[in-house]
Amino acid sequence: MKRWESIEDKVIPTVFFVVLIFLWEYIVQVGLIERYILPSPTDIIKAFPDMHPDIWKHVITTVQEAALGFGIAILLSIILAILMDNVKIIKKALYPIIVISQTVPIIALAPLFAAWFGFGKLPKIIVVVLVCFFPILVSLIHGLESVDKDLLNLLKSMGASKFQIFKMVKFPATLISFFSGLRIAATYSIMGAIIGEWLGGKSGLGVYMLRVKQSFALDKFFGAIVIIVVLSIMLFKIIATLQGMLMPWEKEQNKS
């Protein structure tokens with residue numbers, strides 16, 4: 001039964017996606033929407049050979065910015081989550097400020113970073129860090145708070161140190177929440193890099209998209225969007241694979 005449900009979960013969205021693609025192609029081919037407004041899927045596929053000589057340097061730049069920002073966000077989130085879990089006054093002081101900071105649109109901050117730090121990679125990396133930091137931190141805090149209190153009290157009564165408690169109980173219990181936050185942040189990382197590049201830069205997929213848009217080459221613009229989607233899915237799959245490696249027991253639970 002579970003195997004059939006797994007197949008069904010894959011087949012239904014695939015069929016629905018294929019139907020949407022064919023419907024999109026049909027609408028453009030019969031002229032209901034002009035190609036200069038919305039290119040068809042075949043137009044986008046035909047644009048890839050023309051994009052090939054120039055696109056790779058932009059892809060590499062965006063991936064570098066997203067990877068660096070994502071890595072820094074993970075490191076900062078882990079450090080801050082551990083501090084907030086062990087020192088309650090830090091959590092009471094910082095957590096409301098962190099939540100409020102997420103109400104500020106990142107699109108409003110990105111031009112300031114460009115003005116302060118120039119048009120290199122640094123402002124884009126900062127944008128990625130800000131975009132990825134919050135979901136990872138919140139998932140970690142939620143995971144640390146959800147640890148069984150009776151189990152913690154038992155270990156404390158047995159004289160376990162804070163490090164031993166973290167290693168044996170808190171860290172394993174937090175992994176599910178941690179990877180949930182990572183999957184969300186991984187898809188945000190590419191988006192954050194693109195936003196930073198839109199507001200000033202020398203290379204990157206965001207810069208490429210602005211250039212082809214100004215040239216009215218919407219087929220290449222949509223081609224860049226396809227590349228962004230593929231990169232985001234690849235990052236998502238990498239995180240899911242890493243989760244499967246670090247949490248093999250979860251696979252066993254899903255099979256049973």
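In table form, for the structure just shown:
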read-out	value
Residue tally, condition under 28 Å from Lys124 (Cβ atoms), in contact with a Phe, Trp or Tyr (Cβ under 7 Å, 6 or more places away or on another chain) and assigned to a helix (DSSP H, G or I), over the range 13-67	3
Criterion violated by Leu75 - all others in (1) under 21 Å from the mean Cα position of the chain (by Cα); (2) touching a residue at least 12 places away in the same chain (Cβ under 8 Å); (3) within 30 Å of Lys202 (Cβ to Cβ) satisfied	(2)
Qualifying residue in the range 94-104 (condition: closer than 28 Å to Tyr208 by Cα and either assigned to a helix (DSSP H, G or I) or out of contact with any Phe, Trp or Tyr (no Cβ under 9 Å at 6 or more places or on another chain) (or both))	yes
Verdict on Ala185 being in contact with a helix residue (DSSP H, G or I) (Cβ under 9 Å, 6 or more places away or on another chain), under 30 Å from Ser40 (Cα atoms) and in contact (Cβ under 8 Å) with a residue 24 or more places away in the chain	no
Residue match in the range 167-179 (condition: within 19 Å of Ile100 (Cα to Cα), modelled with pLDDT of 85 or more and crowded, with 18+ Cβ neighbours inside 10 Å)	no
Residues (touching a residue at least 60 places away in the same chain (Cβ under 8 Å) and not aliphatic (A, V, I, L, M)) located in the range 84-124	Asp85, Asn86, Pro111, Phe113, Phe119, Gly120, Lys121, Pro123, Lys124
Those helices (runs of 4 or more DSSP H) lying entirely in the range 140-250 with at least 1 residues within 15 Å of the chain's Cα centre (by Cα) and of a type in the set (A, V, I, L, M)	171-198, 218-246
Odd one out for Val104 among (1) surrounded by fewer than 18 Cβ atoms within 10 Å (Cβ to Cβ); (2) of a type outside the set (Asp, Glu); (3) at pLDDT 85 or above; (4) under 25 Å from the mean Cα position of the chain (by Cα)	(3)
Residue match in the range 25-44 (condition: out of contact with any His (no Cβ under 6 Å at 6 or more places or on another chain), buried (at least 16 other Cβ atoms within 10 Å of the Cβ) and more than 16 Å from Lys220 (Cα to Cα))	yes
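The values are calculated or read from the model by the stated rules, or taken from the named source; none is laboratory data. Fair warning: this is a prediction, and the values are worked out from it, not measured in the lab. We place every Cβ from the backbone using ideal geometry, glycine too, and count neighbours over all the protein chains shown.
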